[in-house]
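J.: For reference, the structure I am asking about is given below.
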Amino acid sequence: MADSSAGRVAEGKRRSFWVDAGIRLVKEKPLGTVGAVITLLLLLTGIFANFLAPYGMNEVGAGPRLIGPSAKFWLGTDNLGRDILTRIIYGARISVIVGLSASALATFLSVVIGIISGYLSGKFDLFMQRFIDGWLCLPPLIILMLIISVIGAGMWPIIIIMGIGGGIGSTRLIRSAVIAIRENVYVKAAEAIGCTTSRILTQHILPNIMATIIILFSISVPSMIMGEASLSFLGFGIPAPFPSWGSMLTGSARTYMFESPWMAIWPGLALSIVVYGVNMFGDALRDILDPRLRGGVGRYGVRRAKKEAAKNKATKETGSFPR
């Protein structure tokens, strides 16, 4: 009975892995849970910005100029009488679009290059690694500013440039995971029976690095959000009239910094909280999805549960702990 009950419990855990991961996140990673809440609020704010914002995105004269936080304008107004809370809400939408889109592009590029380079090895891998070495020697912000100054600023140019740059820099993480899996017995068996390279990559390599891919995507999002804010602060980011948190920190915010400090405080605080929260959530997700720290989920959990049940059974029969 102990074996069957332990097996059912372990099988139940295996069937509901994401539920178990969520429970572990809440119990073991309090900061990660707070980060998950912040990330969820960011997503909801970006999606439903039109319904949450009390005023128009660039509604000039919504209130008096440069008034502080009040019951009507919770975060005050700027030098044109625009509601700062409204602009921060719409700025969250830009952060969501840029962060998710650029991270998705970077992750896709990293996976494609990393899998091919790590599995095929040889001259292609040697060429790619030397190219990546040279790319990593270049200052990323300077390269972004140089390319944007040539092709022009805009949301999608920023997404594409940051996605390509981030994808090239993150390739080695995927490559190292592929090299570790490439030496496993099941990959060698697939090669021995004549499986095509594409089938091995899609059926044996890719599923076993999925946790690494998810982690890479989650830790790329805050970097992309901060990168967009940095470019907007320097004047190379999202052009007006779209409100970006980075652009809200420069221009008029710097001009009226001492007269109306809330114009710079609230966008900076929003950016700091979001980047911190998404980082904490990504770190917690990395620990939760790490197979070495997973403990008790999946086929290893079944064997572990059966082993524990056998120990308990031997203890009850002999009246002592088994050796």
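The values are calculated or read from the model by the stated rules, or taken from the named source; none is laboratory data. Since the model is a prediction, treat every value here as computed from it, not as a measurement. Every residue, glycine as well, gets a Cβ built from its backbone with ideal geometry; the counts of neighbours run over all protein chains shown.
J.: Starting from residues that are exposed (fewer than 14 other Cβ atoms within 10 Å of the Cβ) and in a helix (DSSP H, G or I), keep the ones in the stretch 130-140 and report whichever is nearest to the chain's Cα centre (by Cα).
T.: It comes out as 136.
J.: Next question, about the same structure. Which condition number does residue 272 fail, the rest of (1) in contact (Cβ under 8 Å) with a residue 24 or more places away in the chain; (2) within 26 Å of residue 141 (Cα to Cα); (3) surrounded by fewer than 16 Cβ atoms within 10 Å (Cβ to Cβ) being met?
T.: (1)
J.: Mind listing whichever residues of the stretch 28-72 are in contact with a helix residue (DSSP H, G or I) (Cβ under 7 Å, 6 or more places away or on another chain) and aromatic (Phe, Trp, Tyr)?
T.: Hit for the stretch 28-72 is 55, nothing else.
J.: Tally the residues that are farther than 15 Å from residue 212 by Cβ and either part of a helix (DSSP H, G or I) or at pLDDT 90 or above (or both), restricting the search to the stretch 110-129.
T.: First pass over the stretch 110-129, keeping only residues farther than 15 Å from residue 212 by Cβ: 116, 120-129.
Right, trim to either part of a helix (DSSP H, G or I) or at pLDDT 90 or above (or both) and you get 116, 120, 122-129.
The total comes to 10.
J.: Which members of the stretch 141-188 meet the condition of being more than 12 Å from residue 236 (Cβ to Cβ), in contact (Cβ under 8 Å) with a residue 40 or more places away in the chain and surrounded by fewer than 16 Cβ atoms within 10 Å (Cβ to Cβ)?
T.: 164, 176, 179, listed by residue number.
J.: While we're on this one: Are any of the residues in the stretch 80-99 modelled with pLDDT of 90 or more and either over 22 Å from residue 57 (Cα atoms) or aromatic (Phe, Trp, Tyr) (or both)?
T.: Checked the stretch 80-99: at least one residue is modelled with pLDDT of 90 or more and either over 22 Å from residue 57 (Cα atoms) or aromatic (Phe, Trp, Tyr) (or both).
J.: Give the number of residues within the stretch 221-269 that are among the charged types (D, E, K, R) and surrounded by fewer than 22 Cβ atoms within 10 Å (Cβ to Cβ).
T.: 2
J.: Among the residues that make up the stretch 222-240, is at least one of them touching a helix residue (DSSP H, G or I) at 6+ places or on another chain (Cβ under 8 Å), of a type in the set (Phe, Trp, Tyr), part of a helix (DSSP H, G or I) and farther than 30 Å from residue 93 by Cα?
T.: No, because not a single residue in the stretch 222-240 is touching a helix residue (DSSP H, G or I) at 6+ places or on another chain (Cβ under 8 Å), of a type in the set (Phe, Trp, Tyr), part of a helix (DSSP H, G or I) and farther than 30 Å from residue 93 by Cα.
J.: Counting just the residues of the stretch 244-257 that are assigned to a loop (DSSP other than H, G, I, E, B) and modelled with pLDDT of 85 or more, which one comes out nearest to the chain's Cα centre (by Cα)? Working first, answer last.
T.: Restricting attention to the stretch 244-257, the residues satisfying the condition of being assigned to a loop (DSSP other than H, G, I, E, B) are 244, 249-251, 256-257.
Keeping just the survivors that are modelled with pLDDT of 85 or more gives 244, 249.
Values: 244: 19, 249: 24 Å.
Here the answer is 244.
J.: May I ask you to verify whether residue 83 is of a type in the set (D, E, K, R) and in contact (Cβ under 8 Å) with a residue 12 or more places away in the chain?
T.: yes
J.: For residues in the stretch 41-99 being of a type in the set (D, E, K, R) and over 18 Å from residue 232 (Cβ atoms), which is surrounded by the fewest Cβ atoms within 10 Å (Cβ to Cβ)? Before the answer, list the steps.
T.: Residues of the stretch 41-99 that are of a type in the set (D, E, K, R), as a first pass: 59, 65, 72, 78, 82-83, 87, 93.
This time we only want the ones that are over 18 Å from residue 232 (Cβ atoms), so: 59, 65, 72, 83.
Details: 59: 16, 65: 14, 72: 12, 83: 23.
Per the criteria, the residue is 72.
J.: Taking into account only those residues within the stretch 190-202 that are in contact with a helix residue (DSSP H, G or I) (Cβ under 8 Å, 6 or more places away or on another chain), more than 11 Å from residue 116 (Cα to Cα) and loosely packed, with under 15 Cβ neighbours inside 10 Å, which is modelled with the lowest pLDDT?
T.: 191
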